[in-house]
1. Counting other beta carbons within 10 Å of each Cβ, put D150, D411, D5 in order, fewest first.
2. So what's the back-of-envelope 222 nm ellipticity for the chain, counting only DSSP H runs of four-plus at -39500 (n - 2.57) apiece and dividing by all residues, rounded to 500?
3. Can you tell me how the stretch 265-422 classifies by the Cα gyration tensor, rounded, prolate or oblate, using a/c under 1.5 as the rounded cut?
4. Considering only lysines 8 or more places apart in sequence, or on different chains, count the pairs in the chain whose C-alpha atoms sit under 12 Å apart.
5. Any chance you could run the full-extension gain for V228 through S108? It's 0.36 nm times the residue separation minus the Cα-Cα distance, nm to one decimal.
6. When a footprinting reagent is the concern and you count Cβ atoms within 10 Å, what order do H137, H289 take, fewest first?
7. Out of (1) 153, 64, 31; (2) 165, 66, 64; (3) 68, 54, 48, which label holds the value of Cα extents along the principal axes in Å that was computed here?
8. Using the count of nearby Cβ atoms within 10 Å as a rough guide to exposure, how do S174, S12, S90 rank from fewest to most?
Amino acid sequence: MKAFDFSENSFSGTLPEFEGTSPSPIYYFNLMYNNLSGTIPQSLTSLTLVTALLLAFNQLTGTLPDITNMTALSRLVLNSNHLAGTIPQSITSRPLTQLFLQRNQFVSPLPDLSSLTLLTEINLASNLLSGSLPNPHTFPKSTQSLSLGDNQYSGTLPLEYVTHYALKKLQYISLANNNLTGTLPPIPIAIGAVAAAYNLVKNIHGLGLNGNLLNGTIPFSYGEFYTVLAMLDLSDNLLSGTIPSNLGQKSGLATCILSGGTNNYSCPLPPNLPPACGTTVCNCPAGQHFNRSIGDCSVCPDGFYSSFASLTCIVCPRGSVSVAGSSECTPCLPGTYSNVSVCETCPAGQISQNSYAVACDACPGNNYAAANASACIQCPANSQSPPASASIQSCTCSTIPSPGFFQVFGDDGASLTCKHCPPGAACSGDALPLALPDYWTCPPSLCDELSISPKVFFGAWHTTSVLTTE
């Protein structure tokens with residue numbers, strides 16, 4: 001049997017023991033995508049002719065056994081299990097080309113892998129590796145793809161991880177979602193050594209540093225010398241400042257994620273960012289928003305507002321207003337209503353009782369209100385007014401029950417009293433009484449002196465001359 005391939009089945013249970021000391025004629029061992037559990041038996045390593053050991057996507061637990069006897073092993077693919085402990089040094093004596101141990105529970109320290117001169121792919125992402133990043137020289141110079149993301153690494157980012165100083169053939173590196181701090185290390189450019197600077201990064205196609213705590217600016221040298229970069233992810237860091245104008249000019253970026261999280265780039269964006277960087281935003285001051293079509297900030301119009309670093313302007317809540325460039329909206333107070341950018345005063349005869357009004361309400365009949373009022377005032381007793389009356393002058397005294405009432409305003413015109421119509425007079429409700437036929441109307445001093453009968457004393461409100469009827 002040269003190939004033992006029972007991948008993508010529904011096998012469960014544990015791996016069997018492999019007895020015997022003679023080499024098994026199995027070169028390819030694949031049980032990926034099953035539901036196997038338990039540990040990897042040490043006897044499995046007696047399969048000394050196996051070149052590919054593929055046990056990924058199971059439920060295997062325990063530690064990785066000593067694989068010293070597996071002298072032909074070139075592919076070790078154990079990702080997406082529950083393996084734990086440290087990675088044994090024994091793997092460094094095998095002719096590995098591919099090491100996939102991601103999505104397990106391995107812990108630090110890592111063994112020195114530099115002796116694995118054929119190893120090109122290393123994926124140790126999503127484990128429990130911690131401490132400072134390993135010395136880049138502990139990885140073989142043959143490494144082309146290195147994934148250490150989604151671990152617990154901390155400390156600063158060594159320059160060797162983003163250049164070819166140590167890893168001469170490196171094409172892709174991911175250190176995403178760790179706890180790396182400090183600034184992005186700039187690529188040193190000595191006078192007269194531009195060609196050497198190109199050589200430091202000329203083969204790097206993918207750089208994933210997202211989800212860390214890196215701060216400062218993106219070095220200008222990144223845009224200058226990453227000439228074949230196809231993937232760049234710097235999102236979810238603490239980066240700030242201006243994005244280099246040369247970023248992406250010399251590369252064929254297909255994936256470019258610069259924003260996200262607490263990155264805080266200054267506007268405007270470089271006008272020549274490649275299309276792959278289309279999701280990039282810069283932070284605008286309060287009262288403005290990022291306008292993607294121009295790559296810069298635009299002022300929020302009347303009736304809208306924005307806080308710092310907003311991507312859009314937000315319409316003011318009903319009953320509040322703002323002028324262009326506002327960072328917040330102002331509520332319209334009682335007696336006013338909103339009209340996009342200003343709070344308009346309610347006209348006489350209308351009111352708004354509460355803040356945030358969007359319109360004024362007309363006073364009901366028998367009530368009145370001045371401009372900018374928050375409540376209607378009821379007309380005095382025995383008087384009435386039409387709806388939306390503007391002042392007390394709109395209140396007229398009632399004509400019922402007969403003979404009705406007549407009105408007497410105070411000297412300031414702001415008060416009104418409706419008095420009963422006196423005997424011998426007719427009252428229309430909005431004027432002084434008029435004498436009925438056969439009745440006199442006279443000022444009181446004169447009426448007191450006359451002995452004309454019948455006569456009526458109307459009070460001090462009347463100052464006209466004596467009138468008589470025929």
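1. D411, D5, D150
2. Calculated mean residue ellipticity at 222 nm is -1000 deg cm²/dmol.
3. Numbers: a/c = 6.90, a/b = 5.37, b/c = 1.28.
Prolate, because a/c is 1.5 or more and a/b exceeds b/c.
4. So the count works out to 5.
5. 39.9 nm
6. If I rank by nearby Cβ atoms, fewest first, I get H137, H289.
7. (1)
8. S12, S90, S174
Read-outs throughout are calculated quantities, based only on the coordinates presented, and are distinct from any laboratory measurement. Quick caveat: nothing in here was measured; it's all calculated off a predicted structure. For neighbour counting, all protein chains shown are included, and Cβ atoms are generated from backbone atoms with ideal geometry for every residue, glycine included.
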